[in-house]
Every structure is written in structure tokens, then in C-alpha cells.
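The values are calculated or read from the model by the stated rules, or taken from the named source; none is laboratory data. Bear in mind that the values here come from a model prediction, so they are computed numbers and not experimental data. Backbone-built Cβ (ideal geometry, glycine too); neighbour counts: all protein chains shown. All accessible areas refer to the heavy atoms of the entire protein, side chains included, with ligands and DNA or RNA removed. Shrake-Rupley method; radii C 1.70, N 1.55, O 1.52, S 1.80 Å.
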Amino acid sequence: MRAGERAGDGDGRGGSGGTHERSPAGGGPGTPGARVGPGGPSGPAGAGEQSGRPGEAAGVDLRAPNEWQHWHERRTDTISAPHGPLSLTGTHWLDDHPDGHLPGVAGHWSDDGDQLVLTATVTDGLTVDDKPFAGSVGLTTDHGPIDGSRVAQGARRLVVLRREGLWAVRDFDPDAPARRSFRGIDTTAYDPRWVLPGRFRSYERTQSIRVENADGQQRGLGLDGEISFTLDGQAQTLHVAVEDNGSLWAVFADATSGSSSYRFRFLRPAAPAADGSVIVDFNRAQLPPCAFADHFICPFPPPGNTLSVPVAAGERNLLAN
């Protein structure tokens, strides 16, 4: 089996692959209950969704709508960046290509245990560390921004990853059809009623469970605790992972999933306070990377992370031509 989603792998934890929030941008708040597309609020939310909303949150932060708008614009900019999630055109597993030749990718790639070995000639047109490459080089997993990957083929970035001992190469192409057809992210505008007080409880040790991934494989998913909160008068719980910086990460579905929202989404609450209190802000529910390209292998929600009520908030769907 290929490994579960871990920090920085581009499909889940760590925010890689389009979940980093970069260059701030200006903009004003949207209208509560409206949907936000590339041109701003675009009309009321779907019929019947109002009933799923929680009660008013106490202590509304008057800065929050503008901060949310900046977040939404940064997300859109990151998703549509030249090497953002929309540019992923392939995830090529070496065990699927024992001859070492990957579809549409130059060079010869081979598994050497702790390294992935790339062998190429000058005519292959590859660069390693931004220099024309010929010969053989041992590669390890790429970390950090896609633009920082060691290997490139013209404008494309070839990103090395490893899951449960298996190597793969991802091909990020700025000219990908999905990037050319992108029109924005269908997003429900900020509403303070979706900002909920919650409580985090840590597990004694990380629990690893097997969950289905977007490519049909089952992989390990590490969970470090759970957050509890009340939504629409009902007690709810989400199992979460804890990131290196202390923030939380949840994969969840709800009553809108697969209809007015994508089939599942991510939630990334900030680090809990010392007493375990945490803010659960569904205004910042995010589409997973696999909503933007089929070649990501995001984990599905683990058991217990499907909410029975609709969450008509945050990012809902990809907008494309």
C-alpha cells in the first residue's frame, strides 16, 4: 500500500499543494449567505441551506469579514498559480512503470532504496538544481513549494514523493488544461454564525487508521485528537491531526457533500489554547487538492467525520469552463 497523507505531501496535511496562504490581497467583505465567485458575491445560497446554520456566535470580530476576504483571495491566487494544484497533470508511481520510463516525462527513473535515481542525457532537456543535467543523480522527497523542486523539464516541475516505501514523480505543468479553464472557487461569503467555540481533546498517542483515498487505494491516516462543538443545536465531533505548528487538520463531509458542495472538505483550525478551547470556523472550510486535479490522492473522511447537518459555508466547488 502507498503511504497515508503526511505533512507537506500536497494531498492533505501540511497545506502543500495549494493550501498555503501567500501574498495578501485587498477586498471587502461579502454578503452573508451569498456565494462568492471570481467576481465577488453571486447571489443567495442554495434553497433550504439556511436551516443548517448555527446560532449567532458570541463576540463577533468586526475585522473578520475583511480577513476572510483576504484569505479567499489568497486561496484563489495560490490555486491558480503556475505550479498550483490545477497544474498537476500526473502522479507516476515507479512500481507501475518497472522499465523506468514515465509517461510524458524525460529520463530514466529507478528505485535505489533510500533514493530515487534519475539518469538523463542533455537531449532530454532536464534541469537539476536549475542547471542543465546529464548523468545520474540520487533524489529524495521534495519538500516545500513546488517551485523549489530539484528537477524541471522546461516550465514543468517534476516533484519526487514517497509513500510507504514507494516512489512517485508528480508532473506540474503551467499549461495544464485544468489551469486554463479555471474560473474561480465557488465559495459562500463570510457569516459570523459559522464561527463556533469548540474543545480539543488530545489522544494519548497518535491513532493510525486505514481510509480510502481519492484514487481508490487505502492508506494510513494519523489522528491525534478530536474537537467537539455544537452545530445547529446538535453535539458534533471531528477527529483531527495536529500539525507541526500546533494547528489542527480535519477531513470532513456533511449533508451538502456531493450535492451543493464537493464530496468532502478540509478544515484547519488554529492551535488550541492551553485549556483546550479552539475556534471552529467553517467559513474557512477548504476544497481538498483532489478537487482541482484528479492526480492528487487525498484521504476521504475517517469514520465519525461525516456531519449529519449541512455546512453551507466556506469553499464549495471548483468553477471551470
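Using the Cα centre of region 62-120 as origin and beta-carbon charges of +1 (Lys, Arg) and -1 (Asp, Glu), tell me which of Gln69, Gln115, Thr89 is placed farthest towards the positive end of the dipole.
The residue sitting farthest along the positive end of the dipole is Gln69.
With each label point set 7 Å from Cα along the Cα-Cβ vector, what nm distance links Thr237 and Asn66?
Between Thr237 and Asn66, the simple spin-label model gives 4.1 nm.
What list of ³J(HN,Hα) couplings, whole Hz, do you get for region 293-308 from phi and the Karplus terms 6.51, -1.76, 1.60, once you set θ to phi - 60° and write x for glycine and proline?
Taking θ as phi minus 60°, the curve returns 8, 5, 8, 7, 10, 4, x, 6, x, x, x, x, 9, 10, 6, 7 Hz for region 293-308.
How about region 81-178: which chymotrypsin sites (Phe, Trp or Tyr not before Pro) there are in a DSSP loop, with at most 14 other Cβ atoms within 10 Å of their Cβ? Don't skip to the end; give the middle numbers.
Numbers: sites: Trp93, Trp109, Phe133, Trp167, Phe172; in loops: Phe133.
Listed in order of number, the matching sites amount to none.
In region 200-242, whose amide N lies under 20 Å from the spot 7 Å out along Cα-to-Cβ of Glu164? List them in ranges.
Under cut-off, by backbone N: 206-224, 241.
State the percentage of accessible surface on region 140-201 attributable to carbon and sulfur atoms; use a 1.4 Å probe and exclude ligands, DNA and RNA. Walk me through the numbers on the way to the answer.
Values: 1280 of 2510 Å².
For region 140-201, the apolar C and S fraction of the accessible surface comes to 51 percent.
With a 1.4 Å probe and every protein chain left in place, work out the accessible area per residue of region 178-321 in Å², rounded to a whole number. Please list the in-between numbers first.
Numbers: 5620 Å² over 144 residues.
For region 178-321, the per-residue accessible area is 39 Å².
How much length would be gained if the chain were fully extended between Arg205 and Ala273, taking 0.36 nm per residue of separation minus their Cα-Cα distance, in nm to one decimal?
Details: separation 68, 0.36 × 68 = 24.48 nm, distance 1.94 nm.
Between Arg205 and Ala273, full extension yields 22.5 nm more.
Return the FRET efficiency for the residue pair Asp129, His101: r is the Cβ-Cβ distance, R0 is 22 Å, and the value is rounded to the nearest 0.05.
Numbers: r = 23 Å, r/R0 = 1.04.
Approximately 0.45, to the nearest 0.05.
Which distance in Å, rounded to a whole number, links the C-alpha centroids of region 91-152 and region 187-248?
35
Spin-label point model (7 Å from Cα, Cβ direction): what's the Arg193 to Ala155 distance in nm?
Taking the two extended label points, one gets 4.5 nm.
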